[in-house]
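Below is one structure; the comments refer to it alone.
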Amino acid sequence: MANIYEPSNKQRALWRKFLKSRPAAVRAVAERFAPWKLYRLMRGPQRVVVVAFDELKDGSITVRVDVRAEFNFVLFERQVFGIKPEDLEECELPGPDEMLGSALTPEQASDPETMERLREFLCAGERPRIN
């Protein structure tokens, strides 16, 4: 699979140092997710970049990911937490014919009034009835 950037020797060394400094449970998961790789959420179409590892009180490990416009077409870029490691798979970079980008600017996405208007717009209309 393709890298989102080509890590230098120094970056690779820093990654190895980071891995060694993590608790065993975190390290076991983190070793599977190099920061220069792109992953796909298996339950959705988004490509993501792993940005953090979280150890929960029950000892399980989840990952935090960035959903970036440079790899997807999204309403707005965001960070998502609580992703199970098994829900990610390494993937290729977007193809040259794919639509990429963000529909909202960061300022719009962080404006509560804009987001409320968007929510109202997306939720407008009659829902289909299920008999």
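Just so it is clear, none of the values below were taken in a lab; they were calculated from the coordinates. All values derive from a computational prediction rather than experimental measurement. Quick reminder, even Gly has a Cβ in these numbers, built from the backbone with ideal geometry, and neighbours come from all protein chains shown.
A Cβ-based charge dipole, computed about the Cα centre of the range 9-103 with Lys and Arg at +1 and Asp and Glu at -1, lands at about 620 debye. Around the amide H of Phe53, modelled in the peptide plane, lie the amide H atoms of Arg64, all under 5 Å away and 5 or more residues distant in sequence or on another chain. Between Thr114 and Ala24, the simple label model (points 7 Å from Cα in the Cβ direction) yields a spacing of 4.8 nm.
Taking the centroid of alpha carbons for each part, the range 79-114 and the range 20-67 are 16 Å apart.
Where does the longest stretch of the chain lie that holds no trypsin sites (Lys or Arg not before Pro) found in a DSSP loop with 15 or fewer other Cβ atoms within 10 Å? That would be 58-128.
When you have a sec, figure out the Kirkwood radius of the range 15-66 from all distinct Cα pair distances and drop it here in Å to one decimal?
Values: mean 1/r = 0.0852 Å⁻¹.
Here the Kirkwood hydrodynamic radius works out to 11.7 Å.
Once the Cβ-Cβ distance of Asn9 and Asp54 is raised to the sixth power relative to R0 = 30 Å, the FRET efficiency obtained is 0.55. Evaluating 6.51 cos²θ - 1.76 cosθ + 1.60 at θ = phi - 60° for every residue in the range 92-108, the Karplus couplings come out as 7, 5, x, x, x, 9, 7, 6, 10, x, 10, 6, 10, 6, x, 5, 5 Hz, glycine and proline recorded as x.
Taken one residue at a time, the phi angles of the range 119-124 give Karplus couplings (6.51, -1.76, 1.60, θ = phi - 60°) of 4, 4, 4, 5, 8, 5 Hz. Gly and Pro are set to x.
Exposure proxy ranking for Thr105, Thr114, based on other Cβ atoms within 10 angstrom of each Cβ and starting from the fewest, stands as Thr105, Thr114. Proximity of backbone amide H atoms, modeled 1.01 Å from N, is registered between Arg78 and Val67 at under 5 Å, excluding neighbours fewer than 5 places apart on the same chain.
Please list the non-local residues whose amide H lies under 5 Å from the amide H of Arg40, H modeled 1.01 Å from N, same-chain partners needing a gap of 5 or more. When sequence neighbours closer than 5 places are left aside, the close amide H contacts are Val48, Glu89, Glu90, Cys91. Eigen-decomposition of the gyration tensor built on the alpha-carbon atoms of the chain gives equivalent ellipsoid semi-axes of 32, 19, 15 angstrom, largest listed first. Ordered by the count of other Cβ atoms within 10 Å of each Cβ, fewest first, Cys123, Cys91 give Cys123, Cys91.
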